[in-house]
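Before any comments, here is the structure.
Values in this text are rule-based calculations from the coordinates and carry no lab data. No experiment lies behind these values; they were computed from the predicted model shown. Cβ placement follows ideal geometry from the backbone for every residue including glycine, while neighbour counts extend to all protein chains displayed.
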Amino acid sequence: MWKFIQDHWGDGIEILLLATCIYQVYRAFRATRGAQILVGLGTILVVLTLVSTIFRFEVISWMLKGAATILTVALIVIFQPELRNGLARLGSNPLFSFSSKQRLAFLERFADAVILLSKKRIGALFAIQRGISLKEHLDSGVVLDAQFSPELAMTVFHPKAPLHDGGMIIADERVAGAACVFPVTEREMKDRSTGLRHRAAIGLTERTDAIAVAVSEETGGISICENGTLLRNLTEKQFREKLAEIFVSGKPSHETEPGPQLDRKGPVPPSGDRDLVSD
C-alpha cells in the first residue's frame, strides 16, 4: 500500500485538481442559458465519437479532430458572459472593496430602506454592483451619484416620481443611477406570478455578479437574487441574514447555512407612523 501511494500520489493530486475544476465549472454554468448549450454540444460530441468509433467512420473521426481548435474558440465566444462572470469573481473579493464598518453601516441603511418600502408596498428594484461593472445598464437610466439613504430610496420609487419605473444601481455605497433598464431573463418561469420586476432581477444576475433586490408593489414581498437564483417573500430577519451572508460572510444566496444578522441602529417605523414620503 505504501509503495502504491509513493508511485501514484501525483495521480491523486491530478484527479483532485481536475475534480475541483469540473465542480467549479458546474457551479458557474448551472441555472444559466450556457448550461443548456453545453449539455447539447456535449451530447452531440459523445454520440458522434461513439458512432465513429463503433462503425469506424474515418471521415467523421477526421472532422472531429480537425474541429477541436475551432470548437474551442466557439465555446469561448458562446460562453463569454459566464467566463467574464467567473473571472471577475476570481479577480475581485467583495470583502476588500471597503472596510467592514462601512459595509455594515451601508447594509443597515439599505435593509431599513427595503423593509420600509415593503411595509408601504412601494415597488422597487435595486442592483448592487460587485466585480462586474454595470455601466452598460447605467447608461440606460439617469446618473445620480448620490449618497444612499432610505429617504432617497423612498423618493425615487414613489409611484408618482419620474424615476420610479426602472432599477436603481448602487456602486461603492453610492447611488450610481436610477430608472435603469435591466435585461429580462429568457428562462421559462414555473411560477406564473413572477412579474417583470423579478424577471429583470433574474436576468441581470444571470449576466453579471451583481446582487438584485426587488420589492413587490402588490404584496410588499421582498426578494433577493444572486446568480439567477431568486429567493422570494423573505421576512425582515431572513432578508438581513441573506445580506450578511452575501456581503459579510461571502456566501452565495442559495446556501442555507445561517449567517450573522445585521444590527439596526433604530427601528424601521411601521406603516402607521410618520411617512418619509406622503401617500
Exercise. Within straight cross-link reach of Lys160, meaning Cα distance under 16 Å, which lysines are found once same-chain residues fewer than 8 apart are removed?
Worked result: Lys120
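With N denoting the number of residues in the range 97-247, provide Rg(C-alpha) divided by 2.2 N^0.38 Å, to two decimal places. Before the final figure, lay out the partial values.
Numbers: Rg = 13.9 Å, N = 151, 2.2 N^0.38 = 14.8 Å.
Cα-based Rg divided by the globular estimate yields 0.94.
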Seminar exercise, completed: Going through Lys135/Lys190; Lys190/Lys242; Lys135/Lys242 one by one, the pairs whose alpha carbons sit over 28 Å apart turn out to be Lys135/Lys190
Seminar exercise, completed: For the range 148-236 the GluC sites (Glu not before Pro) that pass both the DSSP coil test and the at-most-14 other-Cβ-within-10 Å test are Glu186, Glu188, Glu218
Problem set entry | Label-point gap, in nm, between Tyr23 and Leu48 - each point 7 angstrom along Cα→Cβ | 3.2 nm
